[in-house]
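First comes the structure, then the notes that go with it.
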Amino acid sequence: MSGSKEKRGKFTSNLGFVMAAAGSAVGLGNIWRFPYLAAKYGGGTFLIVYILLAVTFGFSLMLAEISIGRKTGLSCIGAFEKLDKRFKLLGIVNAFVPAIIFPYYCVIGGWVTKYATVFITGSDKKAAGDSYFGGFISSTASPLIFFIIFIGVTTAIIILGVQNGIEKASTVLMPILVVLTLGVSIYSMTIKGAMGGVKYYLTPHMNELSVKCILAAVGQLFYSLSLAMGIMITYGSYMKKDTKLAVSVRQIDFFDTLIAFLAGMMIIPAVFAFSGGDRSAMNAGPGLMFITLPKVFESMNFGRVFGAVFFVLVFFAALTSSISLEETVVSVIMDKYHVSRIKAIIWTNVIAVVIGVMCSLGYGALGFVKIAGMQILDFLDFTSNSVIMPIVSIGICIFVGYFIKPKAIADEVTRNGETFTEYKLFYVMIKIISPIFLIGILISSILNSLGIITM
Ligand code: PHE
């Protein structure tokens, strides 16, 4: 498996690793999707369920992936194979996930870049218009230009390498992200009429606790922690052997949940105030960030500044996530084909640009192309998130729980004398509870897409 021409990159410190992994985890999922789900599933109820799951389910799955990476020192294709030859296929399937997501994530990253530019340059009035977003994504040149800018910035950081690119960028961007998020959420709470939203967000409405709420929280957590994407395995393989594994996982988990919580504090009160307390305003789904929020910003004092800061912070969050996606694909290509980093980067970009251009045009010039009734971007999103990722994660649970055994992960955690206090929890989660949850999200998302149930 070795023989790659270049020495494998390594993060220099625990902090660098935690920032990079948290950078991957914190993304559009935290900022846009979490608040919207929390508003939909009972505010405080969803929060409690989510936090309970984060410290049990999320912790266990993330620990498993990072340990597999650090133990083998390889990205996902090689890692599974090295531990058990029979699981080679699982690694291959896993490697497809970031390769599918990376191109369309950059298309959405391009939309965020566009909105940040619009607010910074002061053309935000237009962006609050009803048909602005639809007009933008269905045009040809503009979304393509912003897609290329976004993928270009991501690639520039990847070219600089694990230490000088990913680690440095994450250690600078992540603290800025926290400060901006805190600032925006505090301002958001001071808006007239916002307190109703804060109250709704924080109060548990236990009558709204349902299987759907739990499944939505599991699905969100799973996506939010960048699980089943090969990312945590790859980043784990760049971890030094003497760093603390379980401690790092707890920190990443905490960081990701904190930003999701604060994102709710920025968005829910502002939308509440804007809609005069109408909860359904939060249910705008994907349109929330690009259609509803610009209107909300437009209606407030200092809306332009607020909007500009907001979209810049979303841009940083999306950038550190797309970095982790590209790095995972590059790492797989380097490990598998023993080519130089730069060659692997070129291959990755050529493929990503071709797929990304198709996704981008899928809303305009290629609008007639439908796969299984979905637009190209939606189809890629559906196959990766709702089908392949739960399957990969179930595979990882079986692999760890019943083949290499939870003890193998415990050995990796404790190899430097670190105590693994949650071992029993981890054991039960990996062997029994997580697979049940994952089968639940797999079945429900397929039924949902077939229109048999609505989530
Ligand atoms: N974890 C990211 C989020 O919460 C999602 C993501 C990360 C998607 C990396 C792709 C790649 O938004």
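The values are calculated or read from the model by the stated rules, or taken from the named source; none is laboratory data. What you see is a predicted model, and the numbers here were worked out from it, not measured in a lab. Reconstructed Cβ throughout: ideal geometry from the backbone, glycine too, with neighbour counts over all protein chains shown. When the accessible area is computed, the model is the full protein with side chains, heavy atoms only, and any ligands, DNA or RNA have been set aside. Shrake-Rupley method; radii C 1.70, N 1.55, O 1.52, S 1.80 Å.
Things to note:
- 3J(HN,Hα) from dihedral phi, the stretch 64-76, Karplus parametrisation 6.51/-1.76/1.60, rounded to Hz, x for glycine, proline: 4, 5, 5, 5, 4, x, 5, 4, 9, x, 9, 6, 4
- Estimated at the nearest 10 Å², the accessible area of MET282 is 0 Å² with a 1.4 Å probe.
- Accessible area per residue, Å², the stretch 130-271 with all protein chains present, probe 1.4 Å: 37 Å²
- Normalised contact order of the stretch 280-433, rounded percent, pairs of Cα under 8 Å and 6 or more residues apart: 9 percent
- Extent along the principal axes, Cα only, for the stretch 294-364: 55, 28, 13 Å, with the longest axis given first.
- Placing dummy labels 7 Å off each Cα toward the beta-carbon, the span from ASN164 to VAL179 is 2.6 nm.
- As a fraction of the 1.4 Å probe accessible area of the chain, surface on carbon and sulfur atoms comes out at 70 percent.
- Between 0 and 90 degrees, the angle of helix 341-361 with respect to the longest Cα principal axis of the chain falls at about 40 degrees.
- Whole-number accessible area per residue in Å² for the stretch 326-432, which is evaluated in the context of all protein chains at 1.4 Å: 43 Å²
- Between the Cα long axis of helix 245-275 and the first principal axis of the chain there is an angle of about 10°, rounded to the nearest 10.
- List TRP347, TRP111, TRP32, ordered by accessible area with a 1.4 Å probe, largest first: TRP347, TRP32, TRP111
- Along each principal axis, taking the top coordinate minus the bottom one, the Cα set of the chain gives 57, 48, 43 Å in descending order.
- Value of relative contact order over the chain, rounded to a whole percent, pairs C-alpha under 8 Å and six or more apart: 33 percent
- Packing around the peptides 246-252, 448-454, 15-21, 300-306, taken as the average count of other Cβ atoms within 10 Å per residue, puts them in this order, highest first: 15-21, 246-252, 300-306, 448-454.
- Full-extension gain in nm, VAL55 to VAL369, via 0.36 nm per residue minus C-alpha separation: 108.8 nm
- Computed about the Cα centre, the dipole magnitude for the chain is approximately 660 debye when only Lys and Arg (+1) and Asp and Glu (-1) carry charge, each at its Cβ.
- Degrees between helix 14-25 axis and first principal axis of the chain (Cα, 0 to 90, nearest 10): 50 degrees
- Phi-based couplings in Hz for the stretch 291-298 (Karplus 6.51, -1.76, 1.60; Gly and Pro marked x): 10, 5, 4, x, 5, 4, 4, 4
- For SER275, SER393, the ranking by accessible surface with the largest value first comes to SER275, SER393, using a 1.4 Å probe.
- Accessible-area value, LYS407, 1.4 Å probe, nucleic acids and ligands omitted, Å²: 110 Å²
- Rounded to the nearest 20 debye, the dipole magnitude of the stretch 209-337 is 160 debye, with +1 charges on Lys and Arg beta carbons, -1 on Asp and Glu beta carbons, and the Cα centre as origin.
- Å² per residue, accessible surface of the stretch 1-73 at 1.4 Å: 28 Å²
- The ellipsoid that matches the Cα gyration tensor of the stretch 308-455 has semi-axes, each √(5λ) in whole angstrom, of 33, 25, 16, with the longest given first.
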